[in-house]
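Here's the structure we're looking at; comments come further down.
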Amino acid sequence: MSKHLTRELVAEQATIVAAPKPLHEVDRTFQLPKGLYAATVGLYLGFLVVMAVGFSTPGLIIPMAIFTIIIVAGFGVPAVWTRLSPITESKQITFSRLQREGISTLTGRLSAKDASVQMLILPIIVFCWGVATVSIATLVR
């Protein structure tokens with residue numbers, strides 16, 4: 001049947017062992033320096049600023065706020081995710097380490113310059129597109 005076991009009885013008989021080591025170490029660093037992600041967010045938010053200044057109408061306040069929230073959430077949630085438990089041994093690489101070692105991709109090893117260009121080309125094009133659109137709209141007025 002059942003028997004009531006006191007804490008003292010359990011403590012006498014129990015064997016305390018260390019917590020088991022996880023079987024698999026999860027790397028949640030996204031393997032690129034924080035500066036590249038900050039530049040990406042800055043360029044996307046810069047695009048929104050250019051569009052908001054160039055086409056400032058009361059009807060665009062809510063859409064611009066929604067786009068800003070989406071961009072901040074799109075990069076903020078993964079940034080929070082990298083800091084969640086369990087704490088891992090993996091650390092995000094610095095830009096100097098990226099320059100020294102490069103990064104391995106599915107298509108081969110990339111240098112720091114090539115990885116930076118590959119990562120920032122779309123945000124730069126989007127920002128330049130916003131500047132060009134606002135410039136054209138200003139010239140047409």
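The values are calculated or read from the model by the stated rules, or taken from the named source; none is laboratory data. Because the structure is predicted, anything quoted here is derived from the model rather than measured. Methodologically, a virtual Cβ is constructed for each residue, glycine included, from the backbone with ideal geometry; neighbour enumeration extends over all protein chains shown.
So, of the residues in the range 87-114 that are among the aliphatic types (A, V, I, L, M) and touching a Leu at 6+ places or on another chain (Cβ under 8 Å), which turns out to be surrounded by the most Cβ atoms within 10 Å (Cβ to Cβ)? Can you show your working first?
Narrowing the range 87-114 to residues among the aliphatic types (A, V, I, L, M): 87, 93, 98, 103, 106, 110, 112.
Subset that is touching a Leu at 6+ places or on another chain (Cβ under 8 Å): 93, 98, 103, 112.
Working: I93: 17, L98: 21, I103: 17, A112: 19.
Ranking the qualifying residues of the range 87-114, first place goes to L98.
Assess whether P20 counts as being modelled with pLDDT under 85 and not basic (K, R).
Details: modelled with pLDDT under 85: yes; not basic (K, R): yes.
Judged against the criteria, P20 is a match.
Return the residues of the range 85-105 that are outside any strand (DSSP E or B), closer than 14 Å to S116 by Cβ and of a type in the set (V, I, T); say none if nothing qualifies.
I93, T94
Within the set of pairs 6 or more residues apart or between chains, which connect a residue that is surrounded by 13 or more Cβ atoms within 10 Å (Cβ to Cβ) inside the range 115-135 to a residue that is hydroxyl-bearing (S, T, Y) with Cβ atoms less than 6 Å apart?
So the pair list comes out as P123/T40; P123/Y44.
Could you list all residues from the range 45-71 that are free of Cβ contacts under 8 Å to residues at least 12 places away in the same chain and aliphatic (A, V, I, L, M)?
First pass over the range 45-71, keeping only residues free of Cβ contacts under 8 Å to residues at least 12 places away in the same chain: 49, 56-63, 65-66, 69-70.
Passing the criteria: V49, L60, I61, I62, A65, I66, I69, I70.
Confirm whether R83 is at pLDDT below 85, surrounded by fewer than 10 Cβ atoms within 10 Å (Cβ to Cβ) and under 27 Å from the mean Cα position of the chain (by Cα). Break it down into steps so the answer makes sense when it comes.
Values: at pLDDT below 85: yes; surrounded by fewer than 10 Cβ atoms within 10 Å (Cβ to Cβ): yes; under 27 Å from the mean Cα position of the chain (by Cα): yes.
So R83 fits the description; yes.
Can you tell me which residue within the range 1-60, out of those that are outside any helix (DSSP H, G or I) and of a type in the set (D, E), is surrounded by the most Cβ atoms within 10 Å (Cβ to Cβ)? Break it down stepwise before answering.
Start the filter on the range 1-60 by keeping residues that are outside any helix (DSSP H, G or I), which leaves 1-6, 14-33, 55-57.
Going one step further and asking which of them are of a type in the set (D, E), we end up with 25, 27.
Values: E25: 10, D27: 13.
Among those that are outside any helix (DSSP H, G or I) and of a type in the set (D, E), it is D27.
Say whether the condition of being more than 20 Å from the chain's Cα centre (by Cα) and in contact (Cβ under 8 Å) with a residue 24 or more places away in the chain is met by at least one residue in the range 88-109.
No: zero hits.
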